[in-house]
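First the structure, in the form of structure tokens, and then the observations on it.
Laboratory data are not the source of any read-out in this text; all were calculated from the coordinates shown. All figures in this text were calculated on a predicted structure; none of them were measured in a lab. Neighbour counts are summed over all protein chains in view; Cβ atoms, including those assigned to glycine, are modelled from backbone coordinates with ideal geometry.
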Amino acid sequence: MDIKENLNRIKATLPAGVRLVAVSKTHPADMLMEAYNAGQRIFGENKVQEMTAKSQVLPADIEWHFIGHVQSNKIKMMAPYVSVIQGVDTFDKLAEIDRQAAKNGRHITCYLQLHIASEETKFGFSPDECTAMLDEGKWRSLQNITIGGVMGMATNTDDEAQVRREFSRLKEIFDSYKQKYFAGSADFNTISAGMSGDYELAIQAGSNMVRIGSAIFGERNYNLDK
Ligand SMILES: *Cc1c(COP(=O)(O)O)cnc(C)c1O
């Protein structure tokens, strides 16, 4: 696995304005360091303990994105250093992130995870739940978080048309939220969608942040995806 070569190959295909999250879950810190030395600064992890341990031994200018399922009782552990919590799927979690950010004198960016796939197992707000949460408006009083965009995962299928439809749906939802709730806010600007197997489709549908793991670091030995 030549991490640097993989990164450079992928980065060369990303249009300007599309940011790359290197998904380093399950991989040891020295592999992240290789990516760091090749210029990568944004890393994504899906286990809080693992991310915290890596954050303590790796350079301080890394931007850590938590991309896993957010458990309320784990927010406290990452609040001192995490940059972005992708995959927020309830108002209560936003409120808890806000509280923990305040305690640490920090500001944390959150993305709203939307369930766009047909699979039951994927986490996230249904679009209706998310709209209801935004309509209710309580989020507007949270001073220590920024809602920076949306995040979604397409169905794991060979049916390209379905994957395109799902990513396009996410883009439509983003556009409608931008207009309805975040007009005039430069902060709501990110559509996080696309992984190793489908990021080209995601970008074509409007994604401006891809989360790529195995195409950079190789296959994961053990499966911590859930
Ligand atoms: C593991 C993971 C990825 C990266 O998956 P690859 O197929 O290895 O690129 C992206 N997003 C989330 C939420 C993940 O859990």
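A cut-off under 11 angstrom between Cβ atoms defines the neighbours of residue 146, and their net charge, with Lys, Arg +1 and Asp, Glu -1, is -2. Note on residue 25: aspartates and glutamates with a C-alpha under 18 Å away, same-chain residues under 8 apart excluded, are 2, 34, 45, 50, 63, 219, 225. Taken one residue at a time, the phi angles of the stretch 12-29 give Karplus couplings (6.51, -1.76, 1.60, θ = phi - 60°) of 5, 8, 7, x, 4, x, 9, 8, 10, 9, 7, 8, 9, 3, 6, 9, x, 4 Hz. Gly and Pro are set to x.
Name the shape class, rounded, prolate or oblate, that the alpha-carbon gyration tensor gives for the stretch 1-126, where a ≥ b ≥ c are the square roots of its eigenvalues, rounded holds for a/c under 1.5, and otherwise prolate holds if a/b is larger than b/c and oblate otherwise. It comes out oblate by the Cα gyration axes. Sequence-distant contacts, meaning Cα pairs under 8 Å at least 6 residues apart, place the relative contact order of the stretch 3-217 at 20 percent. Here the translational diffusion coefficient of the chain follows from Stokes-Einstein with Rh set to the Kirkwood radius across Cα pairs; for 10 °C and 1.306 mPa s it amounts to 90 µm²/s.
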